[in-house]
1. Report the dimensions of the chain along its three principal axes from the alpha-carbon atoms, largest first, rounded to Å.
2. Looking at the chain as a GNM with Cα springs under 10 Å, which of 31, 47, 108 has the largest mean-square fluctuation?
3. Could you put 104, 98 in order, starting from the residue whose Cβ has the fewest other Cβ atoms within 10 Å?
4. Using only DSSP helix segments of four residues or longer, with each worth -39500 (n - 2.57), what per-residue ellipticity at 222 nm results for the chain after dividing by its residue count and rounding to 500?
């Protein structure tokens, strides 16, 4: 992931990389990829953004993007995840945790969890 240039990032990340630096944008991906995060005005020392980026970088990011809800893409190749999503959801995992575990976005987890099974397809095995 460190060999990427700003132009190779999704547009949503390009704004962050151009504003605060590519390194910080990639740290956001490493820690929050596939989830939505919001940026508080004055993050505490134990806020997840400060813990992930450090006090100085975390405060800088929050300063520039205060009050915004931001989706952080995960930058991983797509894969079929419906079965894994449903299994982890059945174990009682939250969607944010499922997204991080599977390396997919929280939005994709929601889509897979809410997607109805095809009505014209027979099951291979009994439940």
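1. Principal extents (Cα only, largest first): 55, 32, 21 Å.
2. Judging by the Gaussian network model, the answer is 47.
3. Sorted ascending by nearby Cβ count, the order is 104, 98.
4. Calculated at 222 nm, the ellipticity per residue is -14000 deg cm²/dmol.
Readers should treat all values here as calculations from the given coordinates under stated rules, not as data from a laboratory. Note that the structure is predicted; figures quoted are calculated from it, not measured. Positions of Cβ are backbone-derived with ideal geometry, glycine not excepted, and every protein chain shown enters the neighbour counts.
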